[in-house]
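Undergrad: Below you'll find the structure I mean.
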Amino acid sequence: MALRTLAVLTAVLLSSAACSRGPLAVTAVQVGKSVNSDNSIATHSTSFRPADTVFASALSAGSGSGDLTVRWSFNGRQLSEESRHVSYTKDAATAFHLQYPAGLPVGDYKVEMLVDGRPVGDRAFTVSR
């Protein structure tokens, strides 16, 4: 009976460990003009026109969870920031976008990704006519 109890307890502990997620591990930050159905970037680019929508995607490896934040900057000044709590059980991508109805101003931009407040990657891009 004690052996059976030990086996059940071991199985419960192993399944609990498998369900727990560590921190989100971002492996890449992508920038482009469109996204795939899995939220990764379909059309990579660092050059945009004012009427374009700019997409940024954080690729993460394996299971993990955390608060994923994107910061958009224009000519060194922060334009906006958005955060989402994400939790994944396998490799995944999380997409964000930047767009202005009147068009993006011409200039230099940067998108930064943070997990739980810590920088994990960034990409520079340009908007020109």
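The values are calculated or read from the model by the stated rules, or taken from the named source; none is laboratory data. Here the structure is a predicted model, which is why all the values come from computation and not from measurement. Here the Cβ positions follow ideal geometry from the backbone for every residue, glycine too, while neighbour counts run over all protein chains shown.
Undergrad: When only residues in the range 102-115 that are of a type in the set (D, E, K, R) and over 12 Å from the mean Cα position of the chain (by Cα) count, which is surrounded by the fewest Cβ atoms within 10 Å (Cβ to Cβ)?
TA: Only one residue tops the list, namely D108.
Undergrad: Oh, and also: Among the residues of the range 71-93, is there at least one that is within 15 Å of the chain's Cα centre (by Cα), of a type in the set (S, T, Y), surrounded by fewer than 20 Cβ atoms within 10 Å (Cβ to Cβ) and not in a strand (DSSP E or B)?
TA: yes
Undergrad: Let me ask another. Return the pairs, sorted by first residue and then second, in which the second residue is basic (K, R) and assigned to a strand (DSSP E or B), the first residue lies in the range 28-52 and is within 12 Å of A124 (Cα to Cα) and without any contact (Cβ under 8 Å) to a residue 24 or more places away in the chain, the beta carbons are less than 8 Å apart, and the residues are 6+ apart or on different chains.
TA: Partner pairs satisfying both residue conditions: none exist.
Undergrad: Can you tell me which residue within the range 38-67, out of those that are outside any strand (DSSP E or B) and among the aliphatic types (A, V, I, L, M), is nearest to G117 (Cα to Cα)?
TA: By that ranking, first place goes to A61.
Undergrad: If you take the residues of the range 19-37 that are assigned to a loop (DSSP other than H, G, I, E, B) and surrounded by fewer than 16 Cβ atoms within 10 Å (Cβ to Cβ), which of them is modelled with the lowest pLDDT?
TA: S20
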